[in-house]
1. Spelling out what I want: for every residue of segment 28-38, take phi, set θ = phi - 60°, compute 6.51 cos²θ - 1.76 cosθ + 1.60 (Karplus), and round to whole Hz; glycine and proline get x.
2. Averaged across orientations, what area in nm² does the convex hull of the alpha carbons in segment 67-297 project?
3. How many nm is it between the label spots at Arg193 and Asp48, if each spot is 7 Å from the Cα in line with the beta carbon?
4. Per residue, what accessible area does segment 67-297 have, given a 1.4 Å probe and all protein chains present, in Å²?
Amino acid sequence: MTATLTRVDTATAAPVKRRRRSLGWLAVAPLLVFTAIAFGLPALAMLDGAFTVKDPATGAGSYTVENLSTSLKGAYLTALLGSVKLSAVSAALAVVFGLPLAQAVVTSRFRALREAVLTASGVLANFGGVPLAFAFVATLGNAGVLTRHLGLTDKGWDLYSFWGLVIVYLYFLIPLMVLTITPALDGLRSQWREAAQNNGATTVQYWRHVALPVLLPSLLGGLVLLFGSAFAAYATAAAMVGSSIPLVTLQIADALSGNVLVGQENVALALSLDMVLVAALVMAVYLPLQRRSARWLA
């Protein structure tokens, strides 16, 4: 009798679960539709334009890979490599400076300090664009307050250079690194440090053999995330350096504004596709690292 009731309950529960799943899909449907319209249609238009070349005489379009090959030559390739270099250097420095800052926040005994730093990091990580460029120009530009007060121009300082742009990017990348790595640092168990100390390990040995190996997936994931954030940045560099430093985002802006040769109007879409491919590669590296880090620190 008991077995019969169990089978009946199981048979009754199965349709209920299927009904809940169907209702769950209905709840997500508006988000899926919005995503398809907001991201899917522009992506399809970008793909269509990246592989389309118009005949200047007739205006007829034909599908070819000429735009993509053009985007990987000459000034366009220089701009793409310039963006990769700027993003890689900025992200690496942000990891180097952000990790000890996050560790100091995590180990601080003052809760108010921790909350203040994390709140400020959340604000600064999203502070960019023209306001950030104006702030640095007014402070460290050729006629900036600190530049004139400290005589930086005579010492060779130039904000409108590669390293000047790196410093500006670090302003929002270091706070982003603090926000990214803090949960991983919170996941380091105190028992691991105590066990290392009981076995005679120094602080350096603990970090070298225990903490850093555990944090390595999170550090690499943070590096990839910072690289992607710097790679996609546009307004700050456009307001500061214009076209003096070759960056792919600035090349796309020039192409969209018509500063290209006749017949190469869709090169901007090909450059955008190049950026999407780089971003996809970044996410393909970031997601497995994030899952591995979550398993270690769970």
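The values are calculated or read from the model by the stated rules, or taken from the named source; none is laboratory data. Just so we're clear, the structure is a prediction, and the values are computed from it rather than from any experiment. Glycine also receives a Cβ, built like all others from the backbone with ideal geometry; neighbour counts cover every protein chain displayed. These accessible areas exclude ligands, DNA and RNA; they are computed on the full protein's heavy atoms, side chains included. Shrake-Rupley method; radii C 1.70, N 1.55, O 1.52, S 1.80 Å.
1. So the J values, rounded to whole Hz, are 7, 3, x, 5, 5, 5, 4, 4, 5, 6, 6.
2. 15.6
3. Placing both labels 7 Å beyond Cα along the Cβ direction yields 5.8 nm.
4. Details: 12120 Å² over 231 residues.
Per residue, segment 67-297 has 52 Å² of solvent-accessible surface.
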